[in-house]
Amino acid sequence: MTLFFAAFLMVNTQTPAAVRKPSKVEAIKDRSNFLREPVASELLLDTTHFTEDAIQILKFHGSYQQDNRDNRVKGQEKDYQFMLRTRSPGGFIPPELYLTLDRLSDEYGNHTLRATTRQGFQLHGVLKKNLKATIAAIVRSMGSTLGACGDINRNVMAPAAPFRNRPEYEYAREYANNIADLLAPQSGAYYEIWLDGEKAISAEEAPAVAAARQRNGNGTISHEPEEPIYGKHYMPRKFKICVTVPGDNSVDLYSQDVSLVVITTPDGELEGFNVFAGGGLGRTHNKEETFPRIADPIGYVDKADVYDLVKAIVATQRDYGDRTDRRHARMKYLLEDWGVERFCDKVASYFGKPIQPFKPLPEFEYLDFLGWHEQGDGKLFLGISIHNGRIQDSEALQLKTALREIVQTFNLPMLLTPSQDVIVYDIQPAQKTQVQQILTRCGVKGEDAIDPLVRYSMACPALPTCGLATAESERAIPGILDRIRALLNTVGLEQEHFIIRMTGCPNGCARPYLAELAFVGNGPDTYQIWLGAAPNQTRLAQVYLEKLHISDLETAFEPIFVYFKEARTPGERFGDFCDRVGLASIHQYVANYQSSEVSAAGSETVPANGNVSPDQGTATSKIRRRVTIQEDIYARLQAAAVREGKPVSSLANAAIESYLHSLNQANSNPD
Ligand code: SRM
Ligand code: SF4
């Protein structure tokens, strides 16, 4: 029996292995000859798109087949196009690569670049006939798209701050890079297909990495020389790693399959790493068995052993991850099903020794490094806010022009941040004024001139490119943030801000489940609402509403913000407040809340915090009109409001509206 099929036997002890077949994608990988086919053959065909099998393999090469969903016409072929994603460990983009991507976006793409939540760049809108030229140009400019997507280790994240005087930051970048190399696919397919066999001109990998790849610690390698670590079936699902430093949670470390935290001696020497495992955010609406999960601390590893431990974790997921059900295939489910202890025992068996105890860490902080900073070697770095990562030119804001001009004029490298922003670094102090002038001329605002709601928000691309979106995200969030700001102003929270994230579906690409307030697409113009994650992304949010039509935003949030204003402790953040009072209390408050539209004078119910009575106006009410309703009807209305998660007034309005409508109809049709 091969290791591949042995894995299915072990995955789920409750279901007989005979009825649990590997998923379709496993068979596609099996047939692909290490990621070559059918991509290589289909690329030669004069077609606009690939077949399903090729689409799956193409992902490993860093590209997704998409179509412009705005252009869908019934009965006509879709407007096929491709998204390309770079593999950029720690977000590093050398100047020549940036300029190439900028050019390619105009030559073959949709004239925009998109900085992603994992510190890569995406090009959208590339036609199949231009894919090869686009990928080849990226590789020739010291870039790569290999392994940016697919069932494989994805872009390895690290804090984007280019500090030169804080060794822990340098170690995080160095090891992010080395782990990315360690787990890069070794198959020659990429260079054969996109560069006609020409090998990339890339930086040499560290000898320790090359040696670690071949070392067989108790079964960590696969006996397939072409892919020593992965074997021909690669991973059961995507796999995500980050390396960070104590206190810096700019990388959202709790959301990753594996997170390493640099541990140094008091004089800044690298000692080893604390290790977390089992985070992951993807889920599916109405499928309770899928859920976001935050990573568990699993131990500490000395620097000399770090590659072997990473390989041991990879081997555990490779051999025991669920290859039969892709919804249950991420490593978080292995941790959830087995528990941390069993997981660590299995990892230790590949590692060859027990994992050492976790070392104490300070509190983590959310950091985005925007603005001007000294980098510690006399030079400066500048973090520039990119709204939802989209780099483009418009009449008001020539962001794309500004970045091109800065990189071109000063030959500056860039680091992409996990919050979809960019950092330009190695700036000489004498260049600062000129860089600033370019930004000002192009309308690019400094971090202090941006509403913090905007600065700390993220949205995924969703429509029109993402095939999985059920609601708008990137295109909708600016308007939604404006409305939330207006509402906060109205209720007297002008200075307030919190972390808001939005996605067009529950897959979680903008990491919504770690936001203080999140909108998760659940149908056209409709969002599931999540509240209560920690402001430093160390605690998950919870579902507050299953479905909120976006037109009901003010009705839904006004009472929540009023409650927050009235009942928060001094300085308490919105996410912490929601977590402390609990969602049931928020629902209760909302149900009792008297909006400006209807006051149920029949009600004597005291709201959850006892602060608002039917006789009190709300922050928005200038004119209040009273409608008296019976006590028993009010009680039913209130119960329904709690169930629906809507204010009583909203339900009362809907009921009255529906009654009046039927009355009108009856009057106009007397028969
Ligand atoms: Fe994602 C699928 C975009 C980060 C969870 N993601 C997709 C696809 C490729 C849609 C598809 O499969 O057809 C999206 C392409 C949209 C487009 O038009 O560009 C997409 N994901 C993105 C990006 C671009 C969002 C962004 O706003 O930047 C991010 C690219 C990161 C990168 O450079 O590698 C992106 N995706 C994430 C993250 C956040 C992270 O990694 O830190 C997550 C949640 C964390 C996690 O993986 O648990 C994430 N994306 C998913 C999932 C759900 C995975 C799961 O475990 O269930 C899918 C769907 C899937 O894999 O089946 C998905
Ligand atoms: Fe697409 Fe959903 Fe990811 Fe948004 S969260 S990019 S809609 S897969």
Item to complete: Quote the convex hull volume per residue of the chain, based on C-alpha atoms, as a whole number of Å³.
Response: 200 Å³
Discussion item. Run the paramagnetic zone check for D552: 7 angstrom along Cα to Cβ, then residues of region 520-541 with backbone nitrogen under 20 Å.
Written reply: 520-532
Item to complete: Rounded to the nearest 500, what is the 222 nm mean residue ellipticity of the chain from helices alone, with -39500 (n - 2.57) per DSSP H run of 4+ residues and division by all residues?
Response: -10500 deg cm²/dmol
Practice prompt. Beta carbons within 10 angstrom, averaged per residue: use that to sort the peptides 20-28, 183-191, highest first.
Written response: 183-191, 20-28
Worksheet entry | Cα shape, region 226-337, gyration tensor, a/c 1.5 rule | oblate
Discussion item. At a 10 angstrom cut-off on C-beta neighbours, averaged per residue, how do the peptides 235-244, 428-437 rank from highest to lowest?
Written reply: 235-244, 428-437
Worksheet item: I391's amide H: which non-local residues (gap 5+, or another chain) put their own amide H closer than 5 Å, with H modeled 1.01 Å from N in plane and none for Pro or chain starts?
Response: L113, R114, A115
Discussion item. Going by Cα centres, region 489-521 and region 56-86 are how many Å apart?
Written reply: 28 Å
Worksheet item: Spin-label point model (7 Å from Cα, Cβ direction): what's the E365 to K287 distance in nm?
Response: 4.0 nm
Worksheet entry | GluC sites (Glu not before Pro) lying in DSSP loop within region 260-315, provided at most 16 other Cβ fall within 10 Å | E269, E288, E289
Response to the item:
The ³J(HN,Hα) series, computed from each phi in region 71-88 with the Karplus coefficients 6.51, -1.76 and 1.60 at θ = phi - 60°, rounded to the nearest Hz and given as x for glycine or proline, is 9, 5, 10, 4, x, 10, 4, 5, 7, 5, 7, 10, 9, 10, 10, 8, 9, 9
Practice prompt. Would you please give the residues with an amide H less than 5 Å from that of E271, counting only those at least 5 places away or on a separate chain, with H modeled from the backbone geometry?
Written response: I263, T264, T265
Worksheet, complete the sentence: Distance in Å, no decimals, from the C-alpha centre of region 275-338 to the one of region 381-459 is 35 Å
Worksheet entry | Simple label model, 7 Å out from Cα along Cβ direction - W372 to K445, nm | 2.0 nm
Response to the item:
Any DSSP H helix in the chain with Cα axial reach of 24 Å or more and mean Kyte-Doolittle score of at least -1.0? Listed by number, the hits are 648-668
Fill in: Unpaired by the 4.7 Å Cβ criterion, cysteines found in the chain
C149, C242, C344, C442, C466, C505, C578
Discussion item. If I take R0 = 35 Å and measure r between the Cβ atoms of Q437 and E52 in this structure, what FRET efficiency does the formula 1/(1 + (r/R0)^6) give, to the nearest 0.05?
Written reply: 0.10
Response to the item:
Computed ³J(HN,Hα) along region 445-459: with the Karplus parameters 6.51/-1.76/1.60, θ = phi - 60°, integer Hz and x for glycine or proline, the list is 8, x, 4, 6, 8, 9, 4, x, 4, 6, 4, 9, 9, 9, 9
Practice prompt. Using Cα pairs closer than 8 Å and at least 6 residues apart in sequence, work out the relative contact order for region 469-553, in percent.
Written response: 24 percent
Response to the item:
Listed with the fewest Cβ neighbours within 10 Å leading, T316, T409 appear as T409, T316
Worksheet item: For the residues D106, D337, what sequence is obtained by ranking on other C-beta atoms within 10 Å, fewest first?
Response: D106, D337
Discussion item. Testing the spin-label approximation: label points 7 Å from Cα along Cα→Cβ at R69 and Q495. State their distance in nm.
Written reply: 4.1 nm
Discussion item. Based only on other Cβ atoms within 10 Å, what is the fewest-to-most ordering of C466, C578?
Written reply: C466, C578
Response to the item:
Sorted on mean Cβ neighbours within 10 Å (highest first), peptides 420-427, 488-495, 247-254 come out as 247-254, 420-427, 488-495
Worksheet item: Restricting to the chain, what percent of DSSP beta bridges are antiparallel, rounded to 5?
Response: 80 percent
Worksheet entry | FRET efficiency, A486 to K129 (Cβ-Cβ, R0 51 Å, nearest 0.05) | 0.65
Worksheet item: To the nearest 0.05, how large is the calculated FRET efficiency for F410 and K21 if R₀ is 51 Å and r is the Cβ-Cβ distance?
Response: 0.35
Worksheet, complete the sentence: Along region 234-239, Karplus-curve 3J(HN,Hα) (6.51, -1.76, 1.60; θ = phi - 60°) to the nearest Hz, with x for Gly and Pro, reads 6, 8, x, 6, 4, 9
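No lab work stands behind these numbers, since they all come straight from the coordinates. From a predicted model like this one, the values you see are computed outputs, not experimental measurements. With ideal geometry, Cβ positions are generated from the backbone for all residues, glycine too; neighbour counts draw on all protein chains shown.
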